[in-house]
Amino acid sequence: MIDVLVCASGSDEVQLVSTIAQSLTAKARVLRRCVDLTELLAATRAELGDVLLVDVDVEGLSREVIHEIRRGGTGVVAVTSQVSRTKPATLGIALEVHGETEPEALYELLMRAGLETQDPDEVTWAQDPSHDGEPKAPMLTVWGPEGAPGRSFVAAHLGYELSLLKGESVLIDADTYGPCQTQLFGVLDEVPGLVAACRASDKGTLTPQLLLQHSPLVSDDLHLLSGIGVPSRYIEVYDNALEGVFAKAREAARVVVTDVAAPIELEGAGGEYGTQPRNGATRIALATASHVIAVVAADPISVTRFVREAPQIMELSKSPLTVVVNKLDSSVTLANIERTLRARLDFDACLALPLDATTVSRARWDGVVVSESAPKSKLRQSLTRLAAHFDQTLVR
């Protein structure tokens with residue numbers, strides 16, 4: 001039984017309520033008819049309904065409100081008519097209905113709206129009988145604790161090296177605090193690709209081809225979906241839209257690498273700019289990853305921070321985890337760090353990248369990857385081995 005909330009007026013509301021009451025009594029029921037947005041939000045926050053039928057012209061209705069309703073677990077269908085002033089797409093609503101919709105068609109829309117609140121990949125698989133139960137491409141999410149352990153550096157170079165091995169790849173800059181992939185590759189960031197892709201995903205118009213259009217090539221086979229430019233734009237990276245972006249990226253490429261910020265806590269989700277959680281992008285990227293790469297600097301502070309936060313990472317992601325110890329110098333051995341970590345945590349492998357500040361600095365100032373600025377360096381060799389490890393063990 002589908003519990004339906006209605007927030008509309010006029011003949012369309014009367015016809016839709018009548019259709020549900022007379023023709024869909026065994027499948028759906030109208031739980032509440034809300035008179036305004038205030039009553040509607042109170043009902044959805046109380047998790048009273050499965051699906052909402054809402055007039056697109058309800059006063060105060062916005063994309064942010066629709067996103068909040070969906071986050072609470074309520075699917076949304078737009079009620080439109082010939083005199084509607086607002087287009088459903090501008091609110092991020094892909095499904096719409098009118099008063100004369102046939103009962104079976106209405107029921108199908110209610111079902112689809114209910115599926116919208118589930119995991120996007122699960123919905124896609126359920127609707128695609130040809131799907132074999134596995135994503136078309138793996139997604140490696142690169143995370144690390146606060147303190148600049150080198151998350152973005154590892155993500156950029158792993159994406160580049162994997163593109164040499166696997167072919168067409170996508171690097172997604174989903175860092176909502178300090179995105180910098182465009183600087184690492186020395187490209188102009190006129191339009192944030194991630195924001196544009198999320199908008200298309202929210203409207204239901206994002207395709208693998210469109211995602212690649214928003215992700216210009218930064219090498220022969222590596223596409224870069226650039227991150228937000230202005231910090232306040234994180235509110236445009238809706239969780240449900242970002243899930244769609246990840247799904248389309250995995251359809252468009254042979255491998256996806258995602259760079260995320262360090263914070264993962266839920267506290268302060270509203271932030272100063274809006275209701276969208278700023279840490280939502282990191283949490284979604286970890287939850288949907290096929291493999292998590294934790295970048296830890298070779299110093300006791302970074303190791304301690306990682307040990308403290310790793311249980312939350314493992315709770316968010318049930319996927320395998322590999323530790324990359326970055327900036328390793330002669331003061332400590334990889335074996336010692338791995339022994340310390342394994343005494344407290346369980347993970348797949350522990351790999352290392354050597355400290356080479358001069359090579360890294362030169363590459364950053366030139367806006368190129370290490371393979372171009374220092375192709376014979378020990379750091380480049382380590383990066384090549386890192387990519388080969390994932391190519392051989394994870395992404396076949």
Output for Cβ contacts, cut-off 8 Å, separation at least six or different chains, first residue more than 14 Å from L53 (Cα to Cα) in the range 80-109, second in a loop (DSSP other than H, G, I, E, B) and β-branched (V, I, T), reads S84/V56; R85/V56; T86/V56; K87/V56; A89/T205
I want to confirm something. Restricting to the range 133-162 and keeping residues that are at pLDDT below 95 and aliphatic (A, V, I, L, M), which single residue is nearest to V369 (Cα to Cα)? A148
Per-region count, the range 47-68, residues surrounded by 24 or more Cβ atoms within 10 Å (Cβ to Cβ) and not in a loop (DSSP other than H, G, I, E, B): 4
Suppose we filter the range 362-396 for residues that are hydroxyl-bearing (S, T, Y), at pLDDT below 95 and more than 19 Å from K166 (Cβ to Cβ); how many remain? 1
Quick check on the range 219-238: of everything there that is buried (at least 18 other Cβ atoms within 10 Å of the Cβ) and within 19 Å of V65 (Cβ to Cβ), which residue is modelled with the lowest pLDDT? Y238
Considering the range 303-330, residues that are hydroxyl-bearing (S, T, Y) and out of contact with any Asp or Glu (no Cβ under 6 Å at 6 or more places or on another chain), and then whichever is nearest to L345 (Cα to Cα), we arrive at T304
Of everything in the range 69-84 that's part of a helix (DSSP H, G or I) and in contact with a strand residue (DSSP E or B) (Cβ under 9 Å, 6 or more places away or on another chain), which residue is modelled with the highest pLDDT? I69
Those residues that are buried (at least 20 other Cβ atoms within 10 Å of the Cβ) and under 19 Å from L355 (Cβ atoms), I need them from the range 304-327; list them, please. F306, V323, V324, V325, N326, K327
Every listed condition ((1) more than 27 Å from the chain's Cα centre (by Cα); (2) in a helix (DSSP H, G or I); (3) over 25 Å from M314 (Cα atoms)) holds for K376 save (2)
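Okay, residues lined up against (1) of a type in the set (A, V, I, L, M); (2) under 22 Å from A241 (Cα atoms):
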site	(1), (2)
R33	no, no
L37	yes, no
L40	yes, no
E47	no, yes
L53	yes, yes
R63	no, yes
E68	no, yes
Considering the range 341-394 alone, what residues qualify as being under 18 Å from P149 (Cα atoms), surrounded by fewer than 18 Cβ atoms within 10 Å (Cβ to Cβ) and among the hydroxyl-bearing types (S, T, Y)? T358, T359, S361
Residue list for the range 199-214, restricted to those being crowded, with 24+ Cβ neighbours inside 10 Å and at pLDDT 90 or above: L211
Return the residues of the range 277-324 that are assigned to a loop (DSSP other than H, G, I, E, B) and over 22 Å from A249 (Cα atoms); say none if nothing qualifies. P277, A298, D299
With respect to the numbered conditions (1) at pLDDT below 95; (2) assigned to a loop (DSSP other than H, G, I, E, B); (3) touching a strand residue (DSSP E or B) at 6+ places or on another chain (Cβ under 9 Å), which one is the sole condition not fulfilled by L165? (2)
Looking only at the range 8-46, and only at residues there that are in a loop (DSSP other than H, G, I, E, B) and of a type in the set (S, T, N, Q), the one that is farthest from G114 (Cα to Cα): S9
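The values are calculated or read from the model by the stated rules, or taken from the named source; none is laboratory data. Everything quoted here is computed from the prediction, not taken from an experiment. Every residue, glycine among them, receives a Cβ derived from its backbone with ideal geometry; neighbour counts consider all protein chains shown.
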